[in-house]
1. For region 578-591, in order, what is each residue's ³J(HN,Hα) by Karplus, 6.51 cos²θ - 1.76 cosθ + 1.60 with θ = phi - 60°, in whole Hz (x at glycine and Pro)?
2. Mean separation of Cα pairs under 8 Å and 6+ residues apart, divided by the residue count of region 141-193: what relative contact order is that in percent?
3. Show the residues, 5+ positions off or on another chain, whose built amide H is closer than 5 Å to the amide H of Ile122.
4. Reachable aspartates and glutamates from Lys642, Cα under 17 Å, same-chain residues fewer than 8 places away excluded?
5. For the chain, calculate the relative contact order in percent as a whole number, restricting contacts to Cα pairs under 8 Å that are 6 or more residues apart.
6. Quote the accessible area belonging to His434 in square angstrom, nearest 10, computed with a 1.4 Å probe and with ligands, DNA and RNA left uncounted.
7. Could you name the lysines in cross-link range of Lys417, using Cα to Cα under 25 Å and dropping any fewer than eight places away on the same chain?
8. What order, most packed first, do the peptides 162-172, 225-235, 186-196 have when packing is the mean number of other Cβ atoms within 10 Å of each residue?
Amino acid sequence: MNQPNSGLPSMLQRKIAISFKDQSLFQVFQISLTSLHQLKNDVGSKLQGLVLSLSLNVLSFDFMGTSFDESSDEIGMVQIPISWRPVIQDPLTLQIFFDYYAITQSHFSKEALECLLRLASIRRSFFINDATRLKFLSHLMIGTKEILQSGIGLADHDNYHAFCRLLGRFKVNYQLSELVNADGYTDWIRLVADFTLKSLHSWQWAGISVYYLLGMWSRLVTSVRFLKTDTANLLDEYAPKIIEGFISSRFDSLQSEFSDELSEDPLDNVELLQDQLDFVPYLCRFQYETCGMYIMKIMEPVLQLYMDGANLQCCVDNIQLSLAEVKLAWIVHIVAAILKTKQISGFSGELQEVFDAELSARVWQLINVTDSGLHSQFRKSFVGDYALHSSKQLYARLSELLGIHDHLLLLVAIVRKIVTNLKSYSQSKVVIDHTLSIFLEMTSGSMLAKLLLKLDIIKSIISHHDKEHFPFLDDYRCSRSRTTFYFAIAVLIFMEDSLLKFKSSMDPLLQVFVSLESTSDATFHSDTVKYALIGLMRDLRGIAMATKSHRTYCFLFDWLYPARLPLLLKAIAYWTDTPEVTTPLLKFIAELVLNKSERLAFDSSSPNGILLFREVSKLTVAYGSRILPLRNAADMYTSKYKGIWICLTILTRALAGNYVNFGVFELYGDRSLADALDVALQMILSIPLADVLKFQKLAQAYFAFLEILFNSHMAFILNLDTSTFLYIVGSLEAGLKGLIENISTQCASAVDKLATFYFIDIVTGESPSSPAALCLAQHITNCPGLFQEILSTLFEIIIFGDGGNQRNLSRPMLSLILINEETLTNIKGQILASHPPDQQQHLSLCFEKLMADITRSLDLNNRDKFTQNLIRFKNEFRSKRYAAILT
């Protein structure tokens, strides 16, 4: 039973739901149980179905207000109130639902199972003692055992699915020690094992339902080591059978799916594959010798068939060869999943490591002809500074099988495979991306990165990272992958902290620069230049992302400025109408101006910050002045808006980076800042506000830019004509009403800066003295209701909204109230008039408390006090309204 939903705020819904739960819900449940008993013999009646649905709705009630996802099969602990204990613990309550499952039609049977599922999910503390809880569990176990023995209703798929979920809850909600001590456990676990095996071999019919069963088995075996009873759990007998059943059923399904051209390859569905493999490692490692031997046994003939076919040593049917390849891919994914659990499950021991080595060795035999997906898990588990000691038995066995006797040799093998993939699979973006993801992950850890730098193969990559050595760099389909590639390489380059090595490693990119710079204007708009620019910009962005210190950033900046940057300006001029070129170029600049980790903290005597901003201004003006006159396209976001929001991001990062003294530009008559702001203003005014709010990335860039303007460049905003000024402030009001909290926070900050400026420079000052203050005073004269309208909007958000952003919203509210306290009186009158007379006195008192102990000041202590008052105001104001609705 879901919480009431009548379009009211969620807090109101919750209060109504709590009142209903406390006053009526238990009575409803009792009525439903009584009715079920009375209607027990009225088989298949419509009334039976309605009463069952009522019981299910009661048990599905959101007792804790957690607002779970109703579209999901997953349910958490059911938090039934303690006062319901006598009814729930009564054996007749459980039994009535088992009875209805057995005697009624399929639709009713499913609802009966759903009720049992929720009863099986009741929290542990609900029961008065362990004996009562064990009795309840035994009843559930006996009831499900009878269903397993008879098979009644399980031919209906809805019933089957609900029953699998019910069995899955046994280990979620109960400890293994409780299960083995329950009456009838031995027969129950045998029947569940048989049911699971039948489900696995009926994979076409069982579908995803079987994964509830497999999840249960996985949780059972991982609990064995915590079991402190001598009672036999029988899991060592059944777990290997479950694994064998799963793998053989997967092979059967592959045979069928392979013959069906319309069938989806499960290996292409990452989420489904992950779901299927989540439980495998725990079941395998529980009886690793038995399961490991089985995996190797089924792998050997498939591997031999594949190797024979690949080497053309015998005549192998192409379909058989392709099927063998898919089977091997499945096995390799299983092995990777098993190795992965070494980090997270605590499995260890010499026998575990020997079988890790046995399975890994068989995969390494395959490593040069298939992308196994194994490398990242194996590397995480067994490669590193401490891996040799912790994996002694594994390396001893790998040495016997493959000649790999330590982690450095293994690391070399992994990197060779990475290089092979990057050289040989240039036409497969998926392989390239996964390979680069592993490579980047390896470079991200400082200790492992230092090991990598010792390898000759890594030194070769750093020295030869051009398209001749890595063909995927010349494939446009993989152009986005270049950023990751150069990010990883640059991390390794910068770890050496050598300017000479950095410059030498940049030679391939320098050659591209030189080639493009020497291209004539007549041929600069060719496809060759286009793709070269796209690749170069993506490469440079990856390198810029890797500069995590001031020193490494200066390596790149000094390499680029001043010689290389004119090419970027030329590219903007020639390719403005081609987002394929301008987007990576602008994103590179956005990364270059980002002052993360204070990497742009230039010395006080350095002009680099100013020089960088001047280049940013040139690029922004060049792009903006050319993009605005272009004819609007059908896809405005791709053709214009995306480039504009990246430009706004560039300016926001540069203006907020704290590495430029912007006063220098006006002082020396340099228009770099003014021109950049002017073109940015033209760009934002060219976009309808509805479109700004429609596209999230555009909205985030738009409001972040406005926030920095109001925070640091107020004079620019105030010098605008009144209509433009009012449009911008109006857009801030629209942003305040939005659902994205960080945008409303940015808008609140901008409004607060504006109101604070007005309060300090105009209200409390003798008279407006600065040109900016005079401009603002004129704007407000032209639109005297501006501040009251914004304050009214803020009150509306506080009273009716559900966000937790009160602290940020309180800042502009206090500033606006202090500008003219009559504004608060007017808003108070409007709000009170919209409520019934019997509520107005209480709500009026809430307004009085809002300004209690608030002085006519905007110092920090006064602001904090107002924030506290506002939170209290919101709670008291809304509680009165909710109470009125409830009564």
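The values are calculated or read from the model by the stated rules, or taken from the named source; none is laboratory data. A quick note: this is a predicted structure, and the numbers were derived from the prediction, not measured. So basically every Cβ, Gly included, is an ideal-geometry build from the backbone, and we count neighbours across all protein chains shown. Surface accessibility is based on the protein's heavy atoms, side chains included, excluding ligands, DNA and RNA. Shrake-Rupley method; radii C 1.70, N 1.55, O 1.52, S 1.80 Å.
1. 10, x, 4, 8, 5, 4, x, 5, 5, 5, 4, 5, 4, 6
2. 60
3. Residues meeting the amide H criterion: Val78.
4. Cα-Cα hits under 17 Å: Asp577, Glu580, Glu591, Asp691.
5. Computed value for the chain: 5 percent relative contact order.
6. The accessible area comes out at roughly 100 Å².
7. Lys327, Lys340, Lys342, Lys380, Lys392, Lys429, Lys450, Lys454, Lys459, Lys467
8. 162-172, 186-196, 225-235
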